[in-house]
Amino acid sequence: MKSALIVLVLADALTGTWTLNRGRTHYGGGADARQRETMTCESERQRVHCTVNSQRADGRWFLGNFVAAYDGRPHSVTGIPDVDSVSLRTIDNQSVDATFNLNSKAVFAYRAVQSDDGHSLTFVAVDPQSRKILKSVVVYDRK
């Protein structure tokens with residue numbers, strides 16, 4: 001019972017409806033810039049269900065979805081270009097580590113950190129293997 005309670009509390013780092021803050025966001029080389037984006041995540045039985053509605057800078061839209069546990073194992077992703085699974089791990093009650101994969105190979109990763117006041121969520125790109133911090137930082141505001 002104790003581990004189930006911990007997972008539910010830790011899932012709260014992503015939980016909420018988040019809108020892209022373009023003014024606070026910057027992209028490093030190779031990142032696909034966004035024009036608009038809304039991400040909604042809900043806790044669901046020791047898992048998190050996230051939907052991402054995104055318009056890229058070139059005008060393309062996509063609707064991505066996944067339901068994943070914070071267990072480090074791959075879980076199916078739909079609607080995100082060049083991605084078929086995600087692995088999530090909690091770092092603490094405000095931080096989540098995520099790796100997105102294609103055909104079992106890591107293609108990109110990030111660390112998401114919720115602000116102390118819960119009003120913003122910052123995604124910092126990291127190298128999928130070394131976890132070294134990269135240049136892209138995407139910031140969302142709670143809706």
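Listed values, structure above:
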| quantity | calculated |
| --- | --- |
| Selection from region 104-117 of residues that are loosely packed, with under 13 Cβ neighbours inside 10 Å and not polar (S, T, N, Q) | Lys105, Asp116, Asp117 |
| Odd one out for Ala57, checked against (1) surrounded by fewer than 16 Cβ atoms within 10 Å (Cβ to Cβ); (2) aliphatic (A, V, I, L, M); (3) in contact with a His (Cβ under 9 Å, 6 or more places away or on another chain) | (3) |
| Selection count, region 92-106, where residues are touching a strand residue (DSSP E or B) at 6+ places or on another chain (Cβ under 6 Å) and assigned to a strand (DSSP E or B) | 8 |
| Region 80-94 - residue that is surrounded by fewer than 17 Cβ atoms within 10 Å (Cβ to Cβ) and touching a helix residue (DSSP H, G or I) at 6+ places or on another chain (Cβ under 9 Å) and, of those, modelled with the lowest pLDDT | Asn93 |
| Residues (within 19 Å of Glu42 (Cα to Cα) and not β-branched (Val, Ile, Thr)) located in region 118-143 | Gly118, His119, Ser120, Leu121, Phe123, Tyr140, Asp141, Arg142, Lys143 |
| Count of residues meeting criterion [surrounded by 13 or more Cβ atoms within 10 Å (Cβ to Cβ) and closer than 18 Å to Thr17 by Cβ] in region 119-128 | 4 |
| Residues located in region 129-143, provided they are out of contact with any Gly (no Cβ under 6 Å at 6 or more places or on another chain) and either surrounded by fewer than 19 Cβ atoms within 10 Å (Cβ to Cβ) or of a type in the set (Val, Ile, Thr) (or both) | Gln129, Ser130, Arg131, Lys132, Ile133, Val137, Val138, Val139, Asp141, Lys143 |
| Tabulated pairs, region 78-90, first over 17 Å from Ala33 (Cα atoms), second surrounded by 20 or more Cβ atoms within 10 Å (Cβ to Cβ) and among the aromatic types (Phe, Trp, Tyr), C-beta under 7 angstrom, 6+ apart or interchain | Val86/Phe66; Val86/Phe100; Leu88/Tyr70; Arg89/Tyr70; Thr90/Tyr70 |
| Test: Tyr70 is free of Cβ contacts under 8 Å to residues at least 40 places away in the same chain and crowded, with 17+ Cβ neighbours inside 10 Å | no |
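The values are calculated or read from the model by the stated rules, or taken from the named source; none is laboratory data. Given the structure is predicted, the values throughout are model-derived calculations rather than measurements. Positions of Cβ are generated from backbone atoms using ideal geometry, with glycine treated the same way; all protein chains shown enter the neighbour counts.
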